[in-house]
Every structure is written in C-alpha cells, then in structure tokens.
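Reviewing the structure listed below.
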Amino acid sequence: MHILAFRSIRTRLIIATTLLSVVLVGAIVWVWARTETNLYREKKAEEALRISRVLSSTSTNELHERNWSQIRLNLDLLLREESEFLYIIVSDNRQKNKIVASSPRDFQDQYIPDIVPLEITNQALSLTGESNTIKETFILRDIKFIKKVRGYKGEKVMDVASNINLLSGEKIGTLRIGISLKQLEENIANLLKKALIVGVMGLGFGWGCALILAKELSDPLKDLQESAAKIADGDLQHRANSNVYIKEFSTLATAFNRMSTSLQLSFDKLKKTVESFERFVPNKFISAIAQDGIENIQVGTAATKTITILFCDIRGYTLMSEAMTPQETFMFLNDYLACMGEAIETAGGFIDKYIGDAIMALFDGENTDNALNAAILMQHSLHKFNQKRYRNGLPSIRLGIGIHRGEVVMGTIGFTSRIESTVIGDAVNLASRIEGLTKFYQSNVLVTQSVIDALQYPQSFCLLLIDKCVKVKGKEEAIAIYKLEDK
C-alpha cells in the first residue's frame, strides 16, 4: 500500500509542502523590491518636477521679453551641469508653440520636435494653468551635445513639461526637460540584485527539499525529453515508454504517444500541401478557389469572382533589352520586378504572373482603392529605382499601367503532374488593352469607369477623364477611361 500510494504525484507533493517557506520568502522579496522600485521612480519624478518648475519661473522674464539668446545660454549651461538631462526645450505659445530655445540646438525653430512620440508632445503643449505633466517614453533618435552622444535611439526618458506663465496667469510658453532613466534603471537593477541575494538565501532551505523531489521525478522526464528530441529530429515513428513507475507520468507518456501519432498524420497532410503548393502559386489564389484546403486542389478547380486587374509594362523594353546582355537583362528584370512586387504587395494585391517585363496583378477586395494605391506606390518605387539607375549611369525607364474591374474565372489549368493558376475573362483582356492605351494618351496610369464606380474613397485620388467614349481592340462597346495622377 505504501508503494502504491507513493506512485501518486499528489503523495510526492506532500514533501513539497516544505517549499511553502520558499513561496513566502519569494512573495516578501517581490513586494519589497516592487515597493522600493516605485519609491525610486516617485523620487525621480518629484525631483524632475521641481527642476522643471524652477526653470520655468526663471525663464518667464526672458521669454516675455523675447530674450531667447539668454534662455539658450542658460539651457546650455544647465545641460552641461546635469549629465542626466538629454534635452531642454522652450516653446513660445505666442508663436504657435514654435521652439525658440533648445539645448541641444537641433530643435530650434521647429514646432513638433522629432525626439519623442507625437502624443507626448501634444500632451505637453496642451497644458493649461499651473499644471505639469510627467511622461515616461523613449527617444526616437540619437541625441548629441557638444559632439558627444548624450542619448541613444530607443533609450527610456522621462519627459517633464511645465507651463511658463506671467504673474497674471497668462500662458506664454512651455518648458520641457528630457531626463534619462538610465541611472534610475541601474539603481533598480542594483536593488533587484540585492533582493535576489536575499531571496536566494531564503530559497536555500527550499532547494534541499526540491532536490529530493527532482531526483525522483527526473528519470521519467529525461525519457520524455529524449523521446521529444527524437521526434524533433524527424523520427515520427518513435514512441515514448509508457511503462513508468509514476502513474501520472505513465498517463503523460500515453498522451505523448497519441500526440506523436497525430503529429505524424498532420505531417503527412502538410507534405501533401507543400507538394501542391510547389505547383500552385500565388498562395492568395488558394484562399479564393481552395476553401477545402490546398491538398484537395485538382486540375480544373475554378471560381468566378469580381476582381480588379492591373497590367503594367515597361515602355520601350524591347529596344532596351537589345542593348543589354542576357545576364544584364536577367539582373535588371529581377531588380525591377522585386521593386514593383513590393509595391503591389504593400497595397494589398498579389501578382498572378509575369509576362516578360509585364506584370499582371490582382486585387480581390470589394473596392478598387488598393489597386489605385498600388499604381501610385509603383510610380514612387519606379522613381527610386530610376534614381539608383541614374547614379549608376543608366537611363531611366517609364511604365504604363492599366486597371480594370470585372468578372473573371480564377482556376487551375494543366495536367496531373503540373498545374498552373490562371485568370480568364473579358475583364483581363480589357485591362491589358487599357495598359496599351497609355502610350497613345501619354499617361502613366489609365483606369476604366468600372474602377471608378467601385472606389470606396474616390476623394482620395486625383482622377481626370481622358476619353468618355473610346473603343478598344476586340470590344464593340465604348468605355470611358480616366487618368490617375499622384497628388
């Protein structure tokens, strides 16, 4: 009976009751460390607030008389003496909170300093009366003073703001001081070290009991660890030994083996998914036509959808490629397509296929805003791309982009061992034709009426009607086309 009772982990936990003292010591140390940490922070905040109020009072006359040079001199002297100060800023409320004095001088004549997050600045400038604000935040860039780095980007700082008021109570400015919390964090770290030493001493007794319990429990745990390592190395056929002395570990090993079996089944399914994925791209296509999972996709799987199609082509690519070697053409296309692809992906679209230098991209949202944003981003990316080419002594390139929205069939074509995703429909052909018209109308981006009608925020884009009645090749019905310009 004694042996059977001892097999229960609950019985073994009776021994662990001696660890109650450990819990108590740990709780006491934690509360003590927490309390001391809060006291440190409160003391630092009170000191910062006192300095801010004093400096605000001493700066009142100079600011009122617009004696900014004297204020700047005082700020520089204070920053030299106080090593924990990262910046001091004085804003003139009468000049729409323009920074008239600062140390370092980087922020003078600015309105919104790029040193802390915007919400911190807004809270500081919105103070009224005799109120003050203390916010813990982080600096957004390195701060240099006298050619030395005073604070590094990401460093925690305490931003203290006080109003500069006349005797009448009128607010004429705001003073802000950024105080580094590095020393505070070091003090807290030292405090935690001391607390840790006290805790270790209190835990000494508990460790003795824990070693006894760990010795009894370590062997089955070690076996489970080795089994997990074998499975992690790819041996999904391995099973843990469930014939263990402690019945709770025996149950755990049995559950572990059930997990291994499920993992093997999941891996087989994942393997099928990967094999299908290698033959089927892009992956956004999958969500549109494979609700039952990619592993169930077959040739001829299709879905009808209304989507937005974007065609993009390089102007004069044939002549350009004739002047390049095949390797140069290959490198050029890779750089260019990566540049355009990133813009399309950022805007929420995905590329269906590359046709030489041409790109066919799809946008499956309910509106066409993403497609127009993609066209604008592509032009921005092209500008940077051309700047890089210019620095390398290469000619600039131009694009033509056509966008149309309509109903298409999205699906797979091919045969059993090789399938490919495709989009078929009159809307695809029309989008390609619209792209071709960009040469005739000397426009970078042309869109159809269907794109305009599906915009969620049309006021966000600059669209000009180019031709309200144009017939494209292969279409009998005339359509209206618009030119998209970058605001």
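All but one of (1) open to solvent by 50 Å² or more (accessible area, probe 1.4 Å); (2) in contact (Cβ under 8 Å) with a residue 40 or more places away in the chain; (3) of a type in the set (S, T, N, Q) hold for SER91, so report the exception by its number.
Among (1) open to solvent by 50 Å² or more (accessible area, probe 1.4 Å); (2) in contact (Cβ under 8 Å) with a residue 40 or more places away in the chain; (3) of a type in the set (S, T, N, Q), SER91 violates only (1).
Got a number for residues in region 348-367 being buried (at least 21 other Cβ atoms within 10 Å of the Cβ) and either of a type in the set (Gly, Ala, Ser) or at pLDDT 95 or above (or both)?
Residues flagged as buried (at least 21 other Cβ atoms within 10 Å of the Cβ) and either of a type in the set (Gly, Ala, Ser) or at pLDDT 95 or above (or both) within region 348-367 amount to 2.
Cβ-Cβ distance below 7 Å, separation of 6 or more or different chains: which pairs start in region 133-146 with a residue that is farther than 10 Å from GLY178 by Cα and open to solvent by 20 Å² or more (accessible area, probe 1.4 Å) and end on one that is in a loop (DSSP other than H, G, I, E, B) and among the hydroxyl-bearing types (Ser, Thr, Tyr)?
That search, which allows pairs on different chains as well, returns ASP142/TYR152.
Can you name the residue in region 154-171 that is open to solvent by 30 Å² or more (accessible area, probe 1.4 Å) and not in a loop (DSSP other than H, G, I, E, B) and is also modelled with the highest pLDDT among such residues?
Within region 154-171, the match that is modelled with the highest pLDDT is LYS156.
Working carefully through the options ILE134, ILE115, ILE99, ILE120, find the one that is in a strand (DSSP E or B), closer than 30 Å to ASN187 by Cα and aliphatic (A, V, I, L, M).
ILE134
If you go through region 56-89 one residue at a time, how many are of a type outside the set (S, T, N, Q), farther than 25 Å from TYR152 by Cα and assigned to a helix (DSSP H, G or I)?
5
When VAL149 is evaluated against the numbered criteria (1) of a type in the set (Val, Ile, Thr); (2) in a strand (DSSP E or B); (3) crowded, with 18+ Cβ neighbours inside 10 Å, which criterion, by number, is the only one it fails?
Checking VAL149 against (1) of a type in the set (Val, Ile, Thr); (2) in a strand (DSSP E or B); (3) crowded, with 18+ Cβ neighbours inside 10 Å, the one that fails is (3).
Restricting attention to region 439-474, which residues are part of a strand (DSSP E or B) and open to solvent by 20 Å² or more (accessible area, probe 1.4 Å)?
CYS462, LEU463, LEU464, LEU465, ILE466, ASP467, LYS468, CYS469
State whether the residues of region 125-135 include one that is modelled with pLDDT under 85 and at positive phi.
Yes: region 125-135 contains one or more residues that are modelled with pLDDT under 85 and at positive phi.
Among the numbered criteria (1) under 18 Å from TYR336 (Cα atoms); (2) assigned to a strand (DSSP E or B); (3) touching a residue at least 24 places away in the same chain (Cβ under 8 Å); (4) of a type outside the set (D, E, K, R), which one does HIS404 miss?
Of the numbered conditions (1) under 18 Å from TYR336 (Cα atoms); (2) assigned to a strand (DSSP E or B); (3) touching a residue at least 24 places away in the same chain (Cβ under 8 Å); (4) of a type outside the set (D, E, K, R), the odd one out for HIS404 is (1).
State whether the residues of region 475-483 include one that is part of a helix (DSSP H, G or I) and over 29 Å from the mean Cα position of the chain (by Cα).
No, region 475-483 contains no residue that is part of a helix (DSSP H, G or I) and over 29 Å from the mean Cα position of the chain (by Cα).
Which condition breaks for ILE419 when tested against (1) farther than 24 Å from CYS462 by Cα; (2) open to solvent by 20 Å² or more (accessible area, probe 1.4 Å); (3) of a type outside the set (Phe, Trp, Tyr)?
The one condition ILE419 does not meet is (2).
Here are the criteria: (1) open to solvent by less than 50 Å² (accessible area, probe 1.4 Å); (2) in a strand (DSSP E or B); (3) of a type outside the set (Lys, Arg). Tell me which single one GLY436 does not satisfy.
All conditions pass for GLY436, except number (2).
Can you go through ILE466, ILE479 and tell me which one is under 19 Å from ILE376 (Cβ atoms), in contact with a strand residue (DSSP E or B) (Cβ under 8 Å, 6 or more places away or on another chain) and not hydroxyl-bearing (Ser, Thr, Tyr)?
Only one candidate passes the filter, namely ILE466.
The values are calculated or read from the model by the stated rules, or taken from the named source; none is laboratory data. Please read all numbers here as calculations on a predicted model, not as lab measurements. Counting neighbours? That spans all protein chains shown, and the Cβs are built from the backbone with ideal geometry, glycine included. Heads up: the accessible areas ignore ligands, DNA and RNA and are worked out on the full protein's heavy atoms, side chains in. Shrake-Rupley method; radii C 1.70, N 1.55, O 1.52, S 1.80 Å.
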